Structures are given as structure tokens and as C-alpha cells.
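This is the structure I have questions about; it appears just below.
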Amino acid sequence: MDHLDQLESQSVYILREAFNRIERLAMLWSLGKDSNVMVWLARKAFFGRVPFPVMHIDTGKKFPAMYAFRERYAKAWDLNLIVEDCPGVEAVDPTLPTNARSAARKTLGLRDAIAKHKFTGIIAGIRRDEESVRAKERVFSPRGDTGQWDFRDQPPEFWDHFNSDLPAGTHLRVHPLLHWTELDIWRYVRREGIPVVDLYFAKNGMRYRSLGDQDITFPVPSQAATLDEVITELEGTRTPERAGRAMDRETEDAFERLRAAGYM
Amino acid sequence: MEAGLDVPGGNRLREALRLVIVGHVDHGKSTLVGRLFHDTGSLPDGKLEAIRAMCERRGMPFEWAFLMDAFQAERDQGITIDTAQIWFRTPKREYVVIDAPGHREFVKNMITGAASAEAALVMIDAGQGVQQQSRLHGFLLNLLGIRQIAVVVNKMDMVDYSADRFENIRATYAAFLAGIGVAGEQYIPVSARDGDNIVHRSRAMNWYRGPTIVEALDGFRPAPRPTELPLRFPVQDVYKFDNRRILAGRIETGRIGVGDRLLFSPSNKTAIVATIETWNRPGPMVEANAGQSIGITLDHQLFIERGEVASREDHAPIESNVFRGRLFWLGHTPLTAGSQYQLKIGTRETPVTVQQVERVFDPDDLSARLGDAVPRHGVADVILRTMALLAVDEARFLPRTGRFVLTDGHNIVAGGLVSMEGYPDQRDLITKRSSNLHSVEHRVSAVARAVRNGHGGGVLWFTGLSGAGKSTLAMAVEQELFRRGYHVYVLDGDNVRQGLNANLGFSPDDRAENIRRVGQVAALFAQAGLIAITAFISPYRADRQRAREAARELFHEVYVEADLMTCEERDPKGLYKKARSGEIADFTGVSAPYEAPDSPELTVDTQRQAVDDCVGEIVAYVERHFAAGKGKDIQKP
């Protein structure tokens with residue numbers, strides 16, 4: 001088993017635990033590289049099918065290429081796709097910085113979708129290496145009745161015994177990619193031949209390294225126009241992945257506040 | 001700017017060694033991490049400046065610990081609340097660092113972080129020396145199975161780089177570790193703040209000849225993959241998405257190949273691996289190894305659920321409903337005898353009772369003493385008892401399947417290791433003859449019995465759906481054979497359950513045991529020279545196979561055939577009606593499978609034939625095979 005095999009095996013184990021232990025389960029699909037890998041891993045875990053709904057929380061502000069991607073692969077992969085809209089920015093905590101407020105719409109959209117579909121488990125494709133607040137996450141992470149995360153008192157989690165038993169009214173976030181890095185994702189995309197949107201590849205010296213809403217995501221300078229070039233670029237970089245995500249760095253704790261409130 | 005670390009995700013090339021850093025609060029764990037990153041050139045661009053700016057904003061001196069302590073709450077209180085993971089590399093390899101909190105309240109997080117590590121650094125403050133948490137963390141590392149340990153005596157600059165002070169701490173801690181069975185650890189004097197003996201050798205401590213931290217780290221070995229250990233494959237789930245019935249799970253130890261015979265515990269069923277199922281993989285898979293999450297299909301259908309453990313027949317797990325566990329307790333109220341929890345071991349989950357608290361380890365010096373209550377964050381030896389039989393392993397031989405957690409309500413409250421010392425393997429009691437019994441040769445031969453009786457002994461094993469006519473036929477055949485001079489007796493389900501099997505219910509395990517006993521008794525009757533007729537649904541091939549093995553060549557399988565619709569129309573006992581309404585669970589044909597025989601010795605079709613015709617067929621079969629001198633079971637003298 002090589003490194004990618006081990007990562008894959010652990011993710012498959014986590015997805016199977018979630019499917020077995022959680023009654024009403026859905027997977028978030030943001031259309032980015034990580035969640036594409038996640039859908040792919042679910043197909044691995046369940047021998048070609050995804051046995052739960054795949055949900056896109058749509059801010060309405062994604063890139064057109066991402067919507068086209070969604071329509072194409074929801075069909076090709078035979079996904080049970082749910083698309084849910086987000087409330088307007090006026091519904092968001094006004095004390096958050098501007099870009100974070102925009103991102104926080106997704107938190108509310110997710111909260112509403114969970115209530116509407118009565119989901120008790122949400123699979124999300126976050127990784128520890130993306131951002132230091134996410135580094136503290138559990139694989140099975142309990143959320144309060146409004147989706148909030150109490151990072152001060154997280155339950156113990158070890159030996160792959162995940163907490164799946166929850167009080168009524170709360171839900172679990174399941175993080176099958178927590179132990180992957182950005183480079184692992186790209187190497188796995190290459191090995192498995194997983195499709196991703198073209199925005200990740202350089203045009204005119206710029207490419208997107210991380211994809212969010214159009215208005216708060218910015219391309220970074222890059223010459224990497226192919227998968228191999230992206231991997232080579234990442235092997236040498238010391239620039240953080242979310243450098244193009246404006247909401248993360250407006251204030252020291254902006255991202256932490258977003259996550260504590262239920263952001264993915 | 002934000003605090004904490006955006007890991008330079010781009011530079012992980014190989015598998016990283018998982019390293020945990022533990023120790024008493026304030027002994028310098030996070031500072032060491034910051035320094036390691038800086039001195040190995042692993043810091044992302046701009047991070048040093050960001051930390052500097054944050055410290056200035058707070059009006060405090062430069063603090064390396066801010067690298068790890070990403071949360072606002074931690075930055076303000078100056079302690080690590082939870083575990084965090086970040087990556088760095090030396091010229092030799094890469095590392096994932098798990099920073100584990102040292103504050104007493106946060107033991108659960110320390111365990112969460114340390115449980116997955118392959119090696120550990122224990123931080124001890126040179127000025128304060130060995131503290132309670134230093135000992136507890138050392139003890140827990142040992143319990144968690146982490147054998148590669150380096151002890152870092154930090155803040156040597158505060159004790160004037162004293163070799164005596166270092167030696168004093170080394171001797172104290174080494175004696176403690178030796179007392180709990182840990183040996184072979186290294187000791188390294190450092191000043192994390194100044195970078196002495198981290199990457200660069202300290203000029204102030206030229207009396208020290210041992211490795212720097214990075215040299216010690218590079219000397220650690222990745223955990224070997226346990227492929228060579230006995231097979232353990234805990235069943236995680238059973239998928240029936242299409243016509244395949246796939247047992248999904250992860251191989252914890254050993255390997256599985258197509259064609260291997262597997263033993264499932266605790267149900268004690270065996271089957272052969274037909275396929276290893278895959279998706280998006282070139283070519284079929286014929287073998288899988290420890291660490292892989294796989295799916296397999298079997299050569300015949302078994303009633304297997306999540307929680308069963310597959311192994312080889314010759315290196316099976318221990319079966320027991322009582323065992324000793326050395327555990328660490330994370331519950332808010334003390335653990336006491338008589339308490340009930342949920343036990344999770346592998347993928348098995350079952351209620352468990354704490355039968356006895358044997359020993360409690362003193363939180364200060366971790367010496368063992370008698371006690372009956374285990375306080376929060378305490379360590380103890382307890383006896384645990386379950387209702388159901390479990391498949392377990394000794395943790396010292398197979399740690400992955402020899403460890404368990406206890407949950408209470410919604411949370412994990414304990415983790416522990418299984419020790420079977422003093423407890424028998426109950427599989428032997430149930431399925432095998434005790435090894436100090438020897439079979440005694442009878443002086444009356446089967447032939448002699450057959451000659452006296454006028455016929456050979458044997459088992460007519462009737463199998464078929466409920467309502468197929470097994471009991472009706474059995475009683476009619478018994479009557480007719482008796483009339484013809486045969487010594488014959490019917491073992492019927494309802495009758496046997498009133499006596500021999502009165503202690504059995506209708507769970508899958510009890511049903512299997514019911515059939516096992518009937519098989520054994522029928523074999524004894526046959527050996528005594530009688531014809532035993534059994535009338536049990538006996539839906540599983542494996543169970544009938546076991547009965548066949550008990551009576552060997554005296555066994556004759558009779559398939560009493562009628563389809564489900566016919567049986568349901570007959571419904572002589574009204575059972576189908578109850579099963580359909582959900583009043584009876586796991587009813588064969590309705591909510592549980594019936595595995596028809598592959599090649600029965602005789603098939604009678606009660607759907608198309610009258611009862612008398614069927615009886616005639618069976619009696620004719622008996623006349624052909626059992627009459628003295630003719631049967632396959634009669635050996636010529």
C-alpha cells in the first residue's frame with residue numbers, strides 16, 4: 001500500500017462508518033476539487049454508487065463553469081443531487097467583516113437545508129492542512145441545534161471509534177478528508193482520473209488554487225496549466241492554499257468565528 | 001492576518017511519521033514545535049512576521065507557541081485546548097506533529113492526539129522536574145502502545161545548562177518508566193526557546209554527547225504494517241445494493257486471499273472467500289492486506305452482521321463474555337463496580353457491566369493500589385462482563401483488535417486494553433471437545449448393532465420451509481418404519497425446545513446452537529443403531545453441514561420441498577401471518593433467508609405429491625439404504 005492507498009482506505013472506512021451509523025446522511029458537494037475527491041471516495045466505498053443525497057448549498061455566485069460541471073457530473077455519476085439556496089446577506093451577523101459575511105450566507109443556507117431535510121449527518125470535505133482552525137477538528141464532529149461548533153469541549157475520539165450517538169436536534173459533521181493535504185488531493189485526482197473544473201489550471205499566468213464564490217475568490221499567479229504542472233508547483237510552494245480566499249484573513253479570528261457558527 | 005499555521009501543503013512528498021508531543025502544562029511543547037519548524041526551514045512565508053506582529057499587538061515578548069495555538073481562546077489563556085496537527089520536514093523525511101495539551105482537564109484531547117502517533121516526545125521542564133502530568137502522559141503513551149519515546153528536558157538555560165540537573169531528572173523519570181515496563185527511551189537536554197539541541201548542537205551543553213532532537217526523530221521508525229500477524233477482518237457492514245452480498249470492512253491485521261476459508265466469530269461460521277470486490281481498479285483483486293478497506297463475497301450465504309470478526313480457523317480470536325481491561329477513565333463521575341456502559345471493540349457494540357474494579361493507579365505516582373472507584377483521568381484494571389459472547393484478542397499480541405472503548409450516553413468515557421489472563425477461551429467450551437478428553441473405543445461395533453437390529457443406524461435430516469410438511473412427514477415416516485420393525489425416533493423442533501434446548505431463544509446465535517445440539521444428539525442416536533429423524537427448518541447450509549460432520553457417513557439430508565407461497569397458504573401454526581405483521585422477527589422465508597440444499601440425498605416435493613406418496617418415497621429410500629447388509633453405512637465385516 002502506498003501513501004495514497006492508505007489515505008483512501010482511511011476515508012473509505014470513515015464513509016462506511018457514517019453510512020452505517022447515521023440515519024439521515026448527506027454529502028456536501030461544493031464542486032471544488034476536494035468534494036469531487038470525496039464523491040469519488042464514496043463511490044469507492046460503496047462499489048460505484050453513492051447511497052445518500054449529495055447536496056450543493058448554492059450561493060448563486062459560483063463560476064458558470066462550476067454550474068456546468070455540476071449538471072454534467074450529477075448525471076454521469078448518477079447522484080441524488082439536492083440543490084439548496086442561501087438567504088441574502090442581510091440575514092447574516094452584521095458584526096462579521098464584509099467578505100466573511102458573504103461567506104456566512106452558506107452557513108445559513110446549510111442550517112436551513114439541514115432543518116428542511118431533517119439531516120442528522122453532513123459529510124464535508126475539509127482538511128486539517130487547509131487552515132489552522134480546521135486542524136483541530138474531529139472526524140465525527142457534533143454540532144448544536146443551530147449548527148454551532150463548541151471547539152472548547154470536543155468529545156474524545158481515538159482508535160477509529162467515532163461518536164455517532166447524538167442528542168435529538170443536533171447533527172454530526174463527518175470529515176473523511178481531514179487527514180489529506182492539498183498535494184494528496186491533486187495526486188489522487190491524477191491517479192484516479194477524477195474530473196475537476198478548468199479554473200484550477202493557469203490561463204494568462206493566473207489560476208485558482210481554491211474555489212469559492214466569484215466575488216470573494218481570487219486567482220493566484222501561476223504557470224501551472226496541467227495536472228502535472230499543478231503538482232510540481234505545489235511541491236515547491238510556501239504560499240498557503242487559501243491565500244486567494246479573502247474572508248479568511250480580514251481579522252485574526254474571522255475564520256474561527258465563521259467555523260464556530262457552523263461554517264464548513 | 002491570522003494566527004496559527006497555514007501548512008505549506010505543497011511540500012509533502014512521502015508518508016509522514018506521526019509524532020506526538022506531550023508533557024506537563026507549560027513545559028514548552030508548543031515552543032518546541034515553533035522552533036522545530038523555524039530551524040528546519042519548514043515555516044511558510046510570512047508566518048514569522050505574523051507571529052511577531054501578534055505578539056507586539058498584545059504587548060508581549062516573541063512567543064513561538066502562537067504557531068500552534070491557533071484558537072483565540074488559546075492565544076488569550078496561553079494554553080493549548082485541543083490537539084492540532086501540522087507538517088514539517090527534515091532532510092531525511094516528513095513529520096506530522098500532533099501537539100497534545102498538557103493541562104489536566106484536557107487529558108481527553110491528549111489521548112485523542114496521541115492515540116494515532118507512532119512516536120512521542122515527552123517534555124519535562126528542567127527547573128520544575130518530573131511532574132504529575134509527566135508521569136501520567138508517560139503511562140498513557142505506554143497504554144496507547146507507543147514504544148518510541150524521547151524525553152526532552154527543556155529550559156536548560158534556566159538551570160545554567162547543568163549536567164547534574166539533567167542527570168537527576170533523567171534518573172528520576174527513567175526509574176518511573178522502568179516501573180511501568182517502558183525501556184529504551186532517549187533523553188535530550190534542550191533550550192527550545194533558543195534552539196539548543198533542536199537542529200543545532202548546543203555550545204552551552206558540550207557535556208552532552210547524545211542526539212539532537214532532529215537526530216532522535218530521524219532515528220524513529222515508521223510503524224510496521226501488521227501484514228504478517230494473524231488475520232483479523234472485523235465486518236463493518238453488509239451491502240446488498242445489487243445481487244452481490246458484500247461484506248465490507250478493513251483488514252486490521254494479516255491478509256485475505258480469494259479462496260481462503262474464513263472463520264467468523266463469535267458466530268463460528270465458516271465460508272470461503274469467493275471474490276474481493278473493487279471499483280475503478282484495473283483487473284480483479286486476488287489478495288488484500290492489513291490496512292486496506294475492502295469488500296468480499298463468500299461462496300455461500302451466511303447470516304453475518306456488523307461486529308463479526310473474520311480470521312483463519314487456526315488463529316482465531318478468543319471468545320469470551322468476560323475479560324480484564326486496563327483502562328483510562330474520562331467520565332465525569334467515578335467508575336464503580338456494577339455500572340453499565342456500551343462496549344465498542346472493533347466494529348462490535350454491546351452493553352457491558354463493570355463486574356469489579358481490581359486495581360486503581362495512584363494519580364500522583366501511578367503505583368497500583370486496591371480501590372473500588374476510578375476518578376476522572378484515573379487508570380485502573382477492571383473486570384468487564386457482557387451478555388453476549390465477544391471475539392477479542394490479547395492487546396499485547398494483537399493491539400488493534402485487543403483494545404476497546406466504553407461509551408456512556410453520547411460520549412466515549414474510557415479506552416482500554418484487553419487482557420485474558422485467567423479467563424478461558426469459551427469457544428473451546430462450546431465448539432470443541434476439551435483437549436484432555438479422549439474418545440474411548442466401543443467394543444460393540446456398528447455392524448454388530450446393525451445385525452441385532454436388522455438395520456443400520458442413521459440420521460434422516462429433514463430441512464425445508466416452515467409449513468413444507470417436515471413434521472407431518474416425520475411422524476408418518478416414523479409410524480410406517482416402526483411398523484416395519486425399524487428402531488426409529490423423531491426429534492421435533494417444538495419438543496426438543498421444551499427440554500434439551502429449553503435455554504435457547506430465537507436469536508441467530510441461539511438458532512445455530514439449537515441446530516448444533518440436535519445434530520449432536522441425532523448423531524448419538526444413529527451411532528446407537530437407531531434411525532433418528534429430525535424435523536427442523538435448519539435454514540443455513542453451514543449449520544446442516546455441521547450436523548453432517550457430527551454423524552458423518554450416517555447422515556442423510558432430505559429436502560422437504562414446497563415454495564414459499566404454498567407454505568404461506570398452508571400456514572399450519574399461523575406463523576407466517578405473525579411474521580408478515582412483524583410480530584415475529586427473523587422468520588425464515590419472510591425476513592430471514594432459507595438456503596436450500598445443494599445436493600440432498602433425497603428430495604420430496606410436497607407441493608405436487610400427496611403426503612402418502614412422499615412417505616412412500618422416504619420409506620423406500622430407507623429400505624434401500626438401511627436394511628442390514630445393504631446400506632452405505634454398513635461395513636462388511
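Any read-out appearing in this document is the output of simple, stated calculations on the displayed coordinates, not a laboratory observation. On a predicted model such as this, the values are computed, not experimentally measured, just so you know. Quick reminder, even Gly has a Cβ in these numbers, built from the backbone with ideal geometry, and neighbours come from all protein chains shown.
From the convex hull of the Cα coordinates of chain A, what is the mean projected area in square nanometres? Present the calculation step by step, with values, prior to reporting the outcome.
Numbers: hull surface 54.4 nm².
With the hull built on Cα positions only, its mean projection is 13.6 nm².
What average count of beta carbons from other chains do you get within 10 Å of the Cβ of residues in A:176-189? Provide the component values of the computation, followed by the final result.
Values: counts 0, 0, 1, 4, 1, 9, 5, 6, 2, 1, 2, 1, 0, 0.
Mean shielding by partner chains, rounded to a whole number: 2.
If you don't mind, there's one more thing I want to ask. Relative to the Cα centre, what is the charge dipole magnitude of chain B, using +1 at the beta carbon of each Lys and Arg, -1 at the beta carbon of each Asp and Glu, and rounding to the nearest 20 debye? Can you show the working numbers first?
Working: 76 positive and 81 negative charges, 210 e Å.
Here the size comes out at about 1000 debye.
Give me the inter-chain shielding for A:4-17: mean count of other chain Cβ atoms within 10 Å, whole number please. List each step's numbers first, then the result.
Working: counts 1, 4, 4, 1, 2, 7, 3, 1, 7, 8, 1, 1, 10, 3.
So the per-residue partner count for this stretch is 4.
Evaluate the Kirkwood expression for the hydrodynamic radius of chain B, namely the inverse of the mean inverse distance over all pairs of different C-alpha atoms, and round to one decimal in Å. Write down the numbers at each step before the final one.
Details: mean 1/r = 0.0342 Å⁻¹.
Roughly 29.3 Å, rounded to one decimal.
Something else about it: Under the definition of Cα pairs under 8 Å and six or more residues apart, what whole-number percent is the relative contact order of chain A?
Working: 432 pairs, mean separation 58.6, N = 264.
Once divided by the residue count of chain A, the mean separation gives 22 percent.
Of the listed peptides B:343-351, B:549-557, B:369-377, what is their order by residue-averaged count of other C-beta atoms within 10 Å, with the highest listed first? Provide the component values of the computation, followed by the final result.
Values: B:343-351: 21.3, B:549-557: 19.0, B:369-377: 15.2.
The packing order, highest mean first, is B:343-351, B:549-557, B:369-377.
Full-extension gain between A:ASP150 and A:PHE218, please, as 0.36 nm times their residue separation minus the C-alpha to C-alpha distance. Could the numbers behind the result be given before it?
Working: separation 68, 0.36 × 68 = 24.48 nm, distance 3.06 nm.
Taking A:ASP150 through A:PHE218 to full extension adds about 21.4 nm, to one decimal.
For helix B:541-551, report the angle its Cα long axis makes with the longest principal axis of the Cα atoms of chain B; keep it between 0 and 90° and round to the nearest 10°.
It works out to around 60 degrees.
Based on DSSP, what percent of beta bridges with both residues in the protein assembly as shown are antiparallel, to the nearest 5?
Working: 86 of 141 bridges.
Of those bridges, close to 60 percent are antiparallel.
Could you work out, residue by residue across B:398-405, how many beta carbons of other chains sit within 10 Å of that residue's beta carbon, and then give the average as an integer? Mind dumping the intermediate values first?
On the way: counts 0, 1, 2, 0, 0, 3, 2, 7.
Neighbouring Cβ atoms belonging to other protein chains average 2 per residue here.
Moving on to the next point. Using unit Cβ charges (K, R positive; D, E negative) and no other charged atoms, how large, in debye to the nearest 20, is the dipole of the protein assembly as shown about its Cα centre? Mind showing how you got there, number by number?
Working: 114 positive and 121 negative charges, 214 e Å.
Rounded to the nearest 20 debye, it is 1020 debye.
With a 10 Å radius around each residue's Cβ, average the other Cβ atoms per peptide and rank B:476-483, A:158-165, B:607-614, highest first.
Those peptides, ordered most packed to least, come out A:158-165, B:476-483, B:607-614.
Treating cross-link reach as a plain straight distance, find the lysines whose alpha-carbon is under 20 Å from the alpha-carbon of B:LYS577, omitting any fewer than eight places away in the same chain.
Result set, ordered by chain and number: B:LYS470.
To the nearest 20 Debye, how big is the dipole of the stretch B:149-285 about its Cα centre, given +1 on the beta carbon of each Lys and Arg and -1 on that of each Asp and Glu? Provide the component values of the computation, followed by the final result.
On the way: 18 positive and 15 negative charges, 140 e Å.
For the stretch B:149-285, the charge dipole is close to 680 debye.
Just add up the charged neighbours of B:GLN236: K/R +1, D/E -1, any other residue whose Cβ is under 9 Å from the Cβ of B:GLN236.
Details: positive: A:ARG16, B:ARG250, B:ARG306; negative: A:GLU17, B:ASP237.
My count for the surroundings of B:GLN236 gives +1.
Provide the packing ranking of B:239-251, B:113-125, A:115-127, i.e. peptides ordered by the mean count of other C-beta atoms within 10 Å per residue, highest first. Please list the in-between numbers first.
Working: B:239-251: 17.7, B:113-125: 24.4, A:115-127: 19.8.
My ranking of the peptides, most packed first, is B:113-125, A:115-127, B:239-251.
For chain B, take the longest principal axis of its alpha carbons; what is the angle in degrees between that and the long axis of helix B:163-179, to the nearest 10 within 0 to 90?
Helix B:163-179 sits at roughly 10 degrees to that axis.
A further question on this structure: Could you work out how far helix B:470-483 tilts from the main Cα principal axis of chain B, as a 0 to 90 degree angle to the nearest 10?
40
Please report the net charge: other residues with Cβ closer than 13 Å to the Cβ of B:LYS577, K and R +1, D and E -1.
Details: positive: B:ARG570, B:LYS573, B:LYS578, B:ARG580; negative: B:GLU568, B:GLU569, B:ASP571, B:GLU583.
That works out to 0.
Now for a separate question. Report the local net charge at B:ARG324: Lys and Arg +1, Asp and Glu -1, summed over other residues whose C-beta lies under 9 Å from its C-beta. The partial results should precede the final answer.
Details: positive: B:ARG326; negative: B:GLU358, B:ASP381, B:GLU421.
With Lys, Arg at +1 and Asp, Glu at -1, the net is -2.
Taking B:LYS108 as the anchor, which lysines have their alpha carbon closer than 16 Å to its alpha carbon, excluding any fewer than eight residues away along the same chain?
A:LYS136
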